[in-house]
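Here the structure comes first, spelled out in structure tokens, and everything after it is commentary.
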Amino acid sequence: MIGADVMKKAVHAFVDLSSEDAEQIIHELGRALDSDREWAAKFRTMLICRTKPKKADLNPDSHKDTEFGRWYYGQVNSKLRDHPGFTAIGKNSEHMHALALKLALAIQEDINITPRQYKAFMKSVDLFRGSLRTLLSEAWDFLRYADPLTGVMTRGAMDMYLEAEQERTNRSEQSSCIAMMDLDLFKKVNDTHGHQAGDKVLETLAGYLQENLRRYDQVFRYGGEEFLILLPNTTTTNSKRVLDRLRQNIKSLAIEIAENKTLHVSVSFGIAQLLSNKPAKVSINFADQALYEAKKAGRNCIRIWQRAEKPGDLKAPDRNS
């Protein structure tokens with residue numbers, strides 16, 4: 001099963017990626033792998049049979065002349081080119097072809113190839129393919145675990161991420177919290193301005209959360225206009241302080257829904273401690289009940305679910321929070 005850290009890497013490694021971009025990147029990387037396999041198979045046949053190298057094999061810039069090279073140095077999806085792993089693929093390809101050139105020259109000059117030279121070449125082939133597969137895997141994980149509209153992680157990722165955080169808090173005995181965030185009167189936004197405007201609001205707010213939360217906090221789209229926020233190493237009091245600042249800033253945020261047309265929205269939060277000894281859905285339910293109290297209190301506010309003084313019991317959200 002994929003780990004929480006791997007999911008996070010997959011979702012955040014690509015900048016502003018859409019589902020269409022991810023699908024195109026998967027297609028391009030798949031073709032790149034296929035073309036490499038074809039080239040490597042032909043090159044190994046030349047080595048084994050010691051047939052005369054082709055002109056392309058003796059070219060110092062052969063890494064640019066293969067089908068892969070023409071793609072890599074040509075028209076590549078810009079979101080893929082911005083990925084930090086894309087540069088590594090190019091360097092691995094160049095290194096692999098530099099070793100291949102030495103082997104081709106040895107055959108051209110009828111010089112024996114040592115096992116060490118051959119092993120180094122095959123190791124470079126494995127390294128190159130590994131970097132390609134890593135990027136391809138991240139693109140697949142992005143499609144699986146990133147919400148196509150907002151770019152934040154989905155509920156599928158959330159479940160495993162919360163489980164990992166519960167295990168960590170259980171080991172460290174540190175408090176972590178979750179918060180349910182809901183856009184106030186979001187149906188009115190859709191009814192008045194249309195669903196495209198509603199999508200723009202969701203997309204903008206998701207981006208705002210990611211940019212303004214702490215770097216180790218995580219945002220998940222829970223469903224519709226609801227988001228779940230994980231706040232590690234945080235008490236409910238500190239979580240409220242962090243989220244209250246966001247709440248106030250979101251209220252004053254001008255969201256552009258059309259040319260020369262902006263919209264202001266507000267959000268409500270319900271906070272609960274992430275319990276390490278109960279299923280995550282229990283803590284989510286507490287946060288959701290706290291959110292319900294925030295809605296009842298007039299929206300654009302925060303409520304906290306707190307433990308009761310009696311051990312093993314729980315009380316309703318603090319109405320003064």
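Among ALA56, ALA120, ALA32, ALA106, which is the only one that is modelled with pLDDT under 90 and more than 27 Å from GLU20 (Cβ to Cβ)? I'd like the intermediate steps shown before the answer.
Numbers: ALA120 fails: modelled with pLDDT under 90; ALA32 fails: more than 27 Å from GLU20 (Cβ to Cβ); ALA106 fails: modelled with pLDDT under 90.
Answer to the check: ALA56.
If I ask for residues that are surrounded by fewer than 19 Cβ atoms within 10 Å (Cβ to Cβ), in a loop (DSSP other than H, G, I, E, B), touching a strand residue (DSSP E or B) at 6+ places or on another chain (Cβ under 6 Å) and in contact (Cβ under 8 Å) with a residue 24 or more places away in the chain, which ones from region 250-299 would you list?
If the condition is that a residue be surrounded by fewer than 19 Cβ atoms within 10 Å (Cβ to Cβ), in a loop (DSSP other than H, G, I, E, B), touching a strand residue (DSSP E or B) at 6+ places or on another chain (Cβ under 6 Å) and in contact (Cβ under 8 Å) with a residue 24 or more places away in the chain, then ARG299 is the only one that fits.
Within the set of pairs 6 or more residues apart or between chains, which connect a residue that is touching a residue at least 24 places away in the same chain (Cβ under 8 Å) and at positive phi inside region 141-160 to a residue that is buried (at least 17 other Cβ atoms within 10 Å of the Cβ) and part of a helix (DSSP H, G or I) with Cβ atoms less than 7 Å apart?
GLY151/ALA206
Just for region 154-180: of the residues that are charged (D, E, K, R) and farther than 17 Å from PHE227 by Cβ, which one is modelled with the lowest pLDDT? Show your work before the answer.
First, pick out the residues of region 154-180 that are charged (D, E, K, R): 155, 159, 163, 165, 167-168, 171, 173.
Still in the running and farther than 17 Å from PHE227 by Cβ: 163, 167-168, 171, 173.
On the way: GLU163: 89, GLU167: 90, ARG168: 89, ARG171: 87, GLU173: 82.
Filtering region 154-180 for residues that are charged (D, E, K, R) and farther than 17 Å from PHE227 by Cβ, the one modelled with the lowest pLDDT comes out as GLU173.
Which of (1) surrounded by 12 or more Cβ atoms within 10 Å (Cβ to Cβ); (2) assigned to a helix (DSSP H, G or I) does PRO53 not meet, given it meets every other one?
Answer for PRO53: the failing condition is (2).
If I go through region 164-207 residue by residue, how many of them are under 28 Å from SER276 (Cα atoms), over 18 Å from the mean Cα position of the chain (by Cα) and assigned to a helix (DSSP H, G or I)?
7
Which one of the conditions (1) in contact (Cβ under 8 Å) with a residue 12 or more places away in the chain; (2) surrounded by 13 or more Cβ atoms within 10 Å (Cβ to Cβ); (3) of a type outside the set (A, V, I, L, M) does PRO84 fail to meet, given that it meets all the rest?
(2)
Residue by residue through region 60-74, note down the ones that are surrounded by 15 or more Cβ atoms within 10 Å (Cβ to Cβ) and farther than 14 Å from MET96 by Cβ.
TRP71
The values are calculated or read from the model by the stated rules, or taken from the named source; none is laboratory data. All of these numbers come straight from a predicted model, not from anything done at the bench. Neighbour counts run over all protein chains shown; Cβ positions are idealised from the backbone, glycine included.
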